[in-house]
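Following: one structure in structure tokens, then a few remarks.
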Amino acid sequence: MANLNLDKVIAKPAASSRKSANQKQHFYSETFFNKLSFPLRALYEFSSNLTKEQDVNAWHELNTKWTRTGTFTFDDTIPVDYIKEIKRFYAVSFTTVLLAGICAGIRRGMELTDAVVPKFIDCVAVFPVLAHPKKLTNHLTHCIIRLPTGMDDPKQRLLAIEARLEKLKNSTLPTLNFYMVKLIGDLPRGFISKIVTNNFPATVAFSNFPAPNQLWTVNGTDVYKIQFEAGPMLGLGIGYACLSYNGKISLFTGVDSKIQNSEKISKNLIQLFKEELDLLSQISTNP
């Protein structure tokens, strides 16, 4: 069993063709090692994940009974090229830039509501998997990434997230979670409810799915907007859903009504996300 290839989701651009060739050669040798060591690494990484410090903060308290209703906010004014410019300057992935916006939004949102900002929050990030079968089915995996909300410097937050994404990409967790979701999904609903507890071990959920980068035509009709919505998931109070289409990123946020000031927070999260991108862009033009 080999690791799922998330390179297209969170890969960095190669600086040159020579570097790209060297990386490719290294990848194949590393893949052979990964196959041999997969069982031991999987056991270690899975157990380490279970024993890490819990994600507890003002927006994710223990034993919270989430309502799964709340305030939802939508925005589709962010150009894809704007995010790509930031990505190229810092030599990070597209997903890293999005997660940096989320991290800063949570940090500033907590400050604005007088909540104590924790050193970190956990984010369950959903990724599409390549080679989707030709039938209507979920074909994805997820990982929990720790976002450094306690870091003051925007650039350092961005680079820390990139390092953690790279570590996840080379771990066994994407593969384990892919098959675990399939296994759990085949169980009766009653068993699933017992496995998926009310309080998921993360503050926020995030998904980012690419759609065509140009105007799509379906049965002769132009499609000007595609909207993907995913609010708070079972067991956590905040959800972000991103979808890139026709040169724009649509950003959808949902905040469970169990969180105080959920309406204000939901609106703030999108504005604070955009402000973080502007700040990273300003730093890149005035380093």
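The values are calculated or read from the model by the stated rules, or taken from the named source; none is laboratory data. All figures in this text were calculated on a predicted structure; none of them were measured in a lab. Using ideal geometry, Cβ is built from the backbone for each residue, glycine included, and neighbour counts are taken over all protein chains shown. Note: areas computed on protein heavy atoms with side chains; ligands, DNA, RNA excluded. Shrake-Rupley method; radii C 1.70, N 1.55, O 1.52, S 1.80 Å.
Just add up the charged neighbours of residue 104: K/R +1, D/E -1, any other residue whose Cβ is under 14 Å from the Cβ of residue 104. Intermediate values should be presented prior to the final figure.
On the way: positive: 107, 108, 155, 157, 274; negative: 111, 152, 153, 275, 276, 278.
Once all neighbours under 14 Å are counted, the net charge is -1.
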Once you put a point 7 Å from the Cα of residue 44 and another 7 Å from the Cα of residue 65, both along the Cβ direction, what distance in nm separates them?
4.3 nm
Which FRET efficiency value, to the nearest 0.05, is calculated for residue 279 and residue 170 with the Förster distance at 51 angstrom and r the Cβ-Cβ distance?
0.95
How much accessible area per residue does the stretch 65-191 have, counting only protein heavy atoms and a probe of 1.4 Å, in square angstrom?
49 Å²
Going through 65/225; 167/258; 84/167; 87/167 one by one, the pairs whose alpha carbons sit over 28 Å apart turn out to be 65/225; 167/258
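Ranked from the most accessible area to the least, with a 1.4 Å probe and all protein chains present, what is the order of 55, 76, 152?
Values: 55 10, 76 50, 152 120 Å².
Largest to smallest exposure gives the sequence 152, 76, 55.
Let's test the formula: R0 of 51 Å, r as the Cβ-Cβ distance of residue 116 and residue 222. What FRET efficiency results, to the nearest 0.05? Each step should come with its number before you reach the end.
On the way: r = 48 Å, r/R0 = 0.95.
For residue 116 and residue 222, the calculated efficiency is 0.60.
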Any aspartates and glutamates with Cα under 17 Å of the residue 52 Cα? List them, leaving off those in the same chain fewer than 8 positions away.
61, 122
Express in whole angstrom the spacing between the alpha-carbon centres of the stretch 209-287 and the stretch 96-134.
12 Å
